[in-house]
């Protein structure tokens, strides 16, 4: 019976694909070629459902500013109208909630009463696990094979490990929401401070410590006060975060990456090929010893234990620290704001420092964030892929078969761009001489068009490391002609960002990935919150000198005694069954 259903699905998919191609699904756009029989064959991007179809979804609306023009909303905006008129796809929301927890509650209620689910929505973790158990999701193996963009299929194959959480009995039940992933940390340093104190950029942890000492003790901001420290970090968020992290310090001493804030991160292989939670591996002592030493010497802000990533970055921006680790884009925001405080400030990115034995390493940012899933009753999966492919192809430009030329300049004039003297303007409208009545918003900012475009896809369709070629091209020749929207985006980076992106790419092989990509285990659900709190507090106690380094062993014992042993077994059972 299963094989019969599979055959029917494949034949249906081929039929629908042919209908799209030969124009039985109506389109008013000019065709490009004819078959030998004279039938018009439209480009694959050119389709319209007639009569229109409706796809239901759900979304967490955090009420971000600049999301719409006055009078528009999630349910009625320029893009929803464009989809209706040009694609014959109508988007309707089964629910719009303000918190992710509320979205989970909606799904749980639907499962409890066997209620209707949206055609498509986002899921991961416990909710995804419950949906799979209840057999409420549409299997996608055939749909991926027939309808998915070739680059999406390539990514799914290349990064197959991201599919384990959404695969059951050999069947795939979700599309990963891929991240670009090129945000591995670089070392940002105040170059003007280095020059003022006659210091060279550090290449080792020992040299870095000397720079931190000088920045902390020699008044590099020149205000005559002892108000600087060397390194701005977030200790509240643990070694791995999105700005102000210290994963680079971990990687200088060990191949075991650490997160204390998330029980699913980082699980690394030990010398026997088993997975161990990085925060309890003996190598963590080397990291803790270094951080405790720097804290005691005053090289780290004493309030770092209370600061998240944003606060750590704010501290550096205010001219209070000269070194911070983070992604390449920090060269514009937030570090660019330092010049508002100190006009001569000059943040530059440098390669990460090596440990005593020459080791370098940093955390690999997760290459995906949850999944787009589909109700088992959804009957228009080909339409979803057609729309997804169109958005993905926007990044790759006109050479992509799915590229919609109607988006060649941008998505919607007057929203994410305006035209002036035949030039596409996306930012700085006043400086570019655009009359105020033509600005997307009255304050001169652009519309945050993400809300309009992505209710069906859960975010901009991206693929891992898709910016790499464009970064290399523009580093080699800053004046090279840009051929794709990706290249246009990289062209828009300032010089500090572009150089930092080049540094990050050159060190890509140093990134240490998380080895566990399975679901939230029962043990994680039961013990995870406590163990995360235990790890965070134990690390802070050691770094602040409230506990000796030897306390680490006591922490490890507590970890395993309070559910860590259960979780470790679950993780390794999964790894043995799913190891690449």
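The values are calculated or read from the model by the stated rules, or taken from the named source; none is laboratory data. The shown structure was predicted, so the numbers you read here are calculated from the model rather than taken from an experiment. Using ideal geometry, Cβ is built from the backbone for each residue, glycine included, and neighbour counts are taken over all protein chains shown.
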Would the range 427-434 turn up any residue that is under 29 Å from the mean Cα position of the chain (by Cα), over 22 Å from residue 366 (Cα atoms) and buried (at least 16 other Cβ atoms within 10 Å of the Cβ)? yes
Any idea which residue in the range 253-266 is farthest from residue 125 (Cα to Cα), counting only those that are in contact with a helix residue (DSSP H, G or I) (Cβ under 6 Å, 6 or more places away or on another chain) and crowded, with 24+ Cβ neighbours inside 10 Å? 256
Under the condition of being at pLDDT below 95 and assigned to a loop (DSSP other than H, G, I, E, B), which residue from the range 51-64 is farthest from residue 377 (Cα to Cα)? 64
As an exercise: evaluate residue 388 against (1) surrounded by 21 or more Cβ atoms within 10 Å (Cβ to Cβ); (2) assigned to a loop (DSSP other than H, G, I, E, B) and give the number of the one condition it does not meet. (2)
Output for the range 251-291, where each listed residue is assigned to a helix (DSSP H, G or I) and either without any contact (Cβ under 8 Å) to a residue 40 or more places away in the chain or out of contact with any strand residue (DSSP E or B) (no Cβ under 8 Å at 6 or more places or on another chain) (or both): 278, 279, 280, 284, 285, 286, 287, 288, 289, 290
List, please: which pairs have Cβ atoms under 6 Å, are six or more places apart or on different chains, and start with a residue in the range 115-143 that is without any contact (Cβ under 8 Å) to a residue 40 or more places away in the chain and end with one that is part of a helix (DSSP H, G or I) and crowded, with 19+ Cβ neighbours inside 10 Å? 127/107
Residue 232 meets each of (1) surrounded by fewer than 24 Cβ atoms within 10 Å (Cβ to Cβ); (2) under 13 Å from residue 322 (Cβ atoms) with one exception, condition (1)
Quick check on this structure: which one of 349, 312, 316, 321 is touching a strand residue (DSSP E or B) at 6+ places or on another chain (Cβ under 9 Å), farther than 12 Å from residue 188 by Cα and in the same structural domain as residue 233 (by TED's automatic domain parsing)? 312
Would you say residue 106 is touching a residue at least 60 places away in the same chain (Cβ under 8 Å) and either assigned to a helix (DSSP H, G or I) or in the same structural domain as residue 128 (by TED's automatic domain parsing) (or both)? no
Verdict on residue 410 being farther than 22 Å from residue 149 by Cβ and either outside the structural domain of residue 142 (by TED's automatic domain parsing) or in a loop (DSSP other than H, G, I, E, B) (or both): no
If a residue must be in contact (Cβ under 8 Å) with a residue 24 or more places away in the chain, part of a helix (DSSP H, G or I) and outside the structural domain of residue 329 (by TED's automatic domain parsing), how many such residues does the range 161-209 contain? 5
Residue selected from the range 435-458 under the condition out of contact with any helix residue (DSSP H, G or I) (no Cβ under 7 Å at 6 or more places or on another chain) and closer than 30 Å to residue 157 by Cα, by the criterion surrounded by the fewest Cβ atoms within 10 Å (Cβ to Cβ): 450
Could you tell me whether any residue of the range 6-25 is at pLDDT 95 or above and in contact with a strand residue (DSSP E or B) (Cβ under 7 Å, 6 or more places away or on another chain)? no
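Residues being part of a strand (DSSP E or B) and closer than 23 Å to residue 267 by Cα: count how many of those fall in the range 340-380. Explain how you work it out, then say what you get.
Keep residues of the range 340-380 that are part of a strand (DSSP E or B), which gives 347-350, 354, 362-363, 368-375.
Then keep just the ones that are closer than 23 Å to residue 267 by Cα; that gives 354, 362-363, 368-371.
So the count comes out to 7.
For the range 452-465, indicate whether the set of residues that are in contact (Cβ under 8 Å) with a residue 60 or more places away in the chain, under 19 Å from residue 121 (Cα atoms) and not in a loop (DSSP other than H, G, I, E, B) is non-empty.
To start, the set of residues in the range 452-465 that are in contact (Cβ under 8 Å) with a residue 60 or more places away in the chain comprises 452-465.
When the remaining residues are screened for being under 19 Å from residue 121 (Cα atoms), the result is 452-462.
Narrowing further to those that are not in a loop (DSSP other than H, G, I, E, B): 452-453.
Yes, there is a match, as at least one residue in the range 452-465 is in contact (Cβ under 8 Å) with a residue 60 or more places away in the chain, under 19 Å from residue 121 (Cα atoms) and not in a loop (DSSP other than H, G, I, E, B).
Considering only the range 53-71, how many residues are surrounded by 11 or more Cβ atoms within 10 Å (Cβ to Cβ) and under 27 Å from residue 117 (Cβ atoms)?
Here is the first cut: in the range 53-71, the residues surrounded by 11 or more Cβ atoms within 10 Å (Cβ to Cβ) are 53-62, 66-69.
Then drop every residue that is not under 27 Å from residue 117 (Cβ atoms), which leaves 53-62, 67-68.
So the count comes out to 12.
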If we scan the range 237-249, do we find a residue that is at pLDDT 95 or above, more than 21 Å from the chain's Cα centre (by Cα), in the same structural domain as residue 220 (by TED's automatic domain parsing) and surrounded by fewer than 23 Cβ atoms within 10 Å (Cβ to Cβ)? no
Apart from one, (1) in a loop (DSSP other than H, G, I, E, B); (2) modelled with pLDDT of 95 or more all hold for residue 212; the odd one out is (1)
Quick count over the range 109-156, residues being surrounded by 16 or more Cβ atoms within 10 Å (Cβ to Cβ) and outside any helix (DSSP H, G or I), is 15
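Would the range 484-501 turn up any residue that is in contact with a strand residue (DSSP E or B) (Cβ under 7 Å, 6 or more places away or on another chain), crowded, with 20+ Cβ neighbours inside 10 Å and either farther than 30 Å from residue 168 by Cα or not assigned by TED's automatic domain parsing to the domain that holds residue 252 (or both)? Break it down into steps so the answer makes sense when it comes.
At the first step, the residues of the range 484-501 found to be in contact with a strand residue (DSSP E or B) (Cβ under 7 Å, 6 or more places away or on another chain) are 496, 499-500.
Keeping just the survivors that are crowded, with 20+ Cβ neighbours inside 10 Å gives 496, 500.
Narrowing further to those that are either farther than 30 Å from residue 168 by Cα or not assigned by TED's automatic domain parsing to the domain that holds residue 252 (or both): 496, 500.
Yes, the conditions are met somewhere in the range 484-501.
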All conditions in (1) outside any helix (DSSP H, G or I); (2) under 24 Å from residue 79 (Cβ atoms); (3) touching a residue at least 60 places away in the same chain (Cβ under 8 Å) are true of residue 442 except (3)
